[in-house]
1. If we sort 285-292, 320-327, 54-61 on the protection proxy, mean other Cβ atoms within 10 Å, highest first, what's the order?
2. So, in nm, how far is label A98 from label E337 when the simple model puts each one 7 Å beyond its Cα toward the Cβ?
3. What spacing in nm lies between the two simple spin-label points modelled at S27 and T284, each 7 Å away from Cα in the Cβ direction?
4. Using a 1.4 Å probe and ignoring any ligands, DNA or RNA, find the accessible area of K227 and quote it in Å² to the nearest 10.
5. At a 10 angstrom cut-off on C-beta neighbours, averaged per residue, how do the peptides 18-28, 346-356 rank from highest to lowest?
6. How much length is gained if the chain between M372 and S291 is pulled fully straight, taking 0.36 nm per residue apart and subtracting their Cα-Cα distance, in nm to one decimal?
7. Lysines near K33 by alpha-carbon distance under 25 Å, same-chain residues fewer than 8 away left out - which ones?
8. Any chance you could look up the accessible area of H319 with a 1.4 Å probe, heavy atoms only, rounded to 10 Å²?
Amino acid sequence: MREITPRNNKGAIIIRFTFSGKEYCFSPIPGSKYSDPLALAKAEEIANRIRQDCITGYFDPTLTKYKPNALQGRTKEAAIRDAEEAKAEVAARMSVNAIDLLQLFNDFTKFKSKTLASNSMIDYNRIQNKLRKCPHKLVRDAVYVMQWLVSDHEGTSTSSIEKQWKLINACCKWGVSTNKLQSNPFEGLRNLIPTTKHTDTQDDINPFTDNERKQIIQAFYASDRYKHYAPLVEFLFGTGCRPEEALALQWKHVKEGKITFCQRLTASGVIEPGTKTQQRRSITVNVAMQSVLSEIKTDSALPNDYLFPAKKGGLIDWHNFSNRAWKSVLNSLPNIEYRNPYQMRHTAITAMVKSGSDSTIVARWVGNSPNMISKKYLGDVSDIVMPES
């Protein structure tokens, strides 16, 4: 919801705003002047109270509670009538927004699933799991839901909370448009999410240094428990491909040093054709990656076997890998700041650009546009010396 602030109306103070399709305009302190700092401060306090009431579902449409002198000069009957009208309207709004947030989000997810690829549903599934844990169950408890999401969050970056809020907010907008809700109490609650240095897109690009990359790969190979994943980690650091592309690779996709990415593993564990941005792309791997492939290919490997299977066969669960193997190995390296495993892709792309590879070629290798490479993936290049003129 937009900010509500006092306005200067020919020297007088007024508050004008729109809520639920209706425009409201009144003088919060009749007779006061906009030039009076005390009166203006009081008006700002009233404006803030109105906005919070609109967000939380306690807005008084008669405006009585926002007028300090509202009852002066009015009959007792009129005051009682206005109070009853306000009570009835607030009760109606509270009853409409008193529906189960998880159920509403489930309905929204079902609606969205008709147009989204299954791999894109992972964020929706995560929010459903969060809402199951949340002690605040009703849509009208939006402020408390947001406060709980913040308190339940682990890690330094709050970008995931912002993503959760965006989807829940979109869900409630959909709820309003389908007449399931009268208002969207999540609108305007973005300011309840604390800002961290990792919130912005550019700050989320935090690739590992070359030395850190080598340490991580070595740590995986040295780990008795997680060395099975070492070739996968080295491959992701070396090629910059998406994890879901690597996990879906089969030996039939590897021919004479050339790898073709043409399918992906979805969050639900299903192999789907195509990559995130295109049907297929091919890369010719370097000597280091050829060595990795030679090491993991057995004499009995069949064309339909996966390059990077789970320990007990089948497909690797990326969520489990991230939360167990990756976290465990990274935590064993105290001199390396913990980052999400997706930073392996950022690291590879940044290394390719630093080595002098043209950004257009790099984009072809990793399945993105040059613009997306610079906007979403490229890390710090401040140590590259500018060419001589």
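1. Order by mean packing, descending: 54-61, 320-327, 285-292.
2. Rounded to a tenth, the inter-label distance reads 4.8 nm.
3. Computed distance between label sites S27 and T284 equals 8.1 nm.
4. 110
5. On the way: 18-28: 12.9, 346-356: 19.4.
Put in order of decreasing packing, that is 346-356, 18-28.
6. 26.2 nm
7. Cα-Cα hits under 25 Å: K10, K42, K65, K67.
8. 100
The values are calculated or read from the model by the stated rules, or taken from the named source; none is laboratory data. Fair warning: this is a prediction, and the values are worked out from it, not measured in the lab. Note that we place each Cβ from the backbone using ideal geometry, even for glycine, and neighbour counts take in every protein chain shown. Note: areas computed on protein heavy atoms with side chains; ligands, DNA, RNA excluded. Shrake-Rupley method; radii C 1.70, N 1.55, O 1.52, S 1.80 Å.
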